[in-house]
1. Scan region 11-28 for residues that are touching a strand residue (DSSP E or B) at 6+ places or on another chain (Cβ under 7 Å), surrounded by 15 or more Cβ atoms within 10 Å (Cβ to Cβ) and of a type outside the set (Val, Ile, Thr) and jot them down.
2. Take region 225-246 and flag every residue that is among the aromatic types (Phe, Trp, Tyr), under 16 Å from residue 265 (Cα atoms) and surrounded by 14 or more Cβ atoms within 10 Å (Cβ to Cβ).
3. Among the residues of region 92-111, are any among the polar types (S, T, N, Q), assigned by TED's automatic domain parsing to the domain that holds residue 12, modelled with pLDDT of 95 or more and within 18 Å of residue 18 (Cα to Cα)?
4. Can you report the number of residues in region 317-345 which are farther than 16 Å from residue 216 by Cα, crowded, with 17+ Cβ neighbours inside 10 Å and at pLDDT 90 or above?
5. Which residue out of 45, 36, 41 is of a type outside the set (Asp, Glu), farther than 25 Å from residue 294 by Cα and part of a loop (DSSP other than H, G, I, E, B)?
Amino acid sequence: MTLQVGVIGVGLMGATHVGLLTTAVSDAAVVAVSDASAENAGRVAREAGVGSIHADALDLVRDPHVGAVVIASPAQTHEAFVLACLEAGKPVLCEKPLAATVEATRRILDAEVALGHRLVQVGFMRRFDPGYADMKRRIDSGELGAPMLVHCAHRNPTVPHTFDSEMIITDTVVHEIDVARWLLHEEIVRTTVYTPRSTSHAAEGVRDPQFVVLETEAGVLVDVEAFVNARYGYDIRCEVVGELGTVSLSNPAIVHVRSEGEAAAQVPNGFQDRFAGAYVQELQTWVNAAADGRATGPSAWDGHAAAAVSQACVESLRARRSVDVRLGERPAMYADAGRSYRPVG
């Protein structure tokens, strides 16, 4: 049976989801879209052959022809749309962040717990990347011994001039926050953000790069270099150091070139190139679960925890000191958070 999907927000990320659901994901069809820009909605609908356009996103959620919803609208809209999906009993894939504030993510948690079963999957697509998934399997096997350190780097070639210092945490480092929690299967309890000399390519007043140190409940230290105006390409790195060995993420080489006495490898230009396969796996996993009226993958609890750690990082950035994470109690319904997901497709 084909899952009838509605997509809210068809900017860069939403349009990407529409394209993949239409061309690369099995047993799914995009039947409705909604966007604050009628022009964007119309263009994406025409290109994908979508027959229904809703001016009001809540009307899309209530549409009886829509069985499940993808939310890729601005963060401040997420809470209302996710809560509407829960009220309608429809599975939802919500792009990160789950909501704009920690308090809002907690309200989503409470609403889902009241239902008694999961309907929310959060768009942390790195969990579906083959490299990260293999790292997770190696760590979980115990062959590396107990993890002690995690080293990460997240480098973008450039970002819009509207991208401020705090967005480097909430839009960039948030991926490493989720990956660290997932790989280690434990929570982050303390954060410290350092700001070295800023690159001349950053917008005025923006602290770029940033160096973030996260401490887990078991005492593992995670360092994240976030450099969003690195210019040369989109470069994602991760290494976990255990008592008995290490495991690191290999950079995917698009091509290697040997010419005129030199050897070179291409670096991806953006997240769409680097994580193309992960997005397909993420969507296929979501579609398979949503067709059964449920959710799997990164949970609302994962979205809440990432928001709480991000908030502590922002406080550390402002105050220039270490900040404890205020997470709250995890509901029993999310006890399986952190497990691996079997590849699909």
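The values are calculated or read from the model by the stated rules, or taken from the named source; none is laboratory data. Note that the coordinates shown come from a computational prediction; the quantities given were computed from them, not determined experimentally. No Cβ is skipped: glycine too gets one built from the backbone with ideal geometry, and neighbour counts run over all protein chains shown.
1. The answer is 14, 17, 21, 28.
2. Of the residues in region 225-246, the ones among the aromatic types (Phe, Trp, Tyr) are 227, 232, 234.
Among the residues that remain, those that are also under 16 Å from residue 265 (Cα atoms) are: 232, 234.
234 - this is the single residue of region 225-246 that is among the aromatic types (Phe, Trp, Tyr), under 16 Å from residue 265 (Cα atoms) and surrounded by 14 or more Cβ atoms within 10 Å (Cβ to Cβ).
3. Among the residues of region 92-111, not one is among the polar types (S, T, N, Q), assigned by TED's automatic domain parsing to the domain that holds residue 12, modelled with pLDDT of 95 or more and within 18 Å of residue 18 (Cα to Cα), which makes the answer no.
4. 3
5. So the residue among 45, 36, 41 that is of a type outside the set (Asp, Glu), farther than 25 Å from residue 294 by Cα and part of a loop (DSSP other than H, G, I, E, B) is 36.
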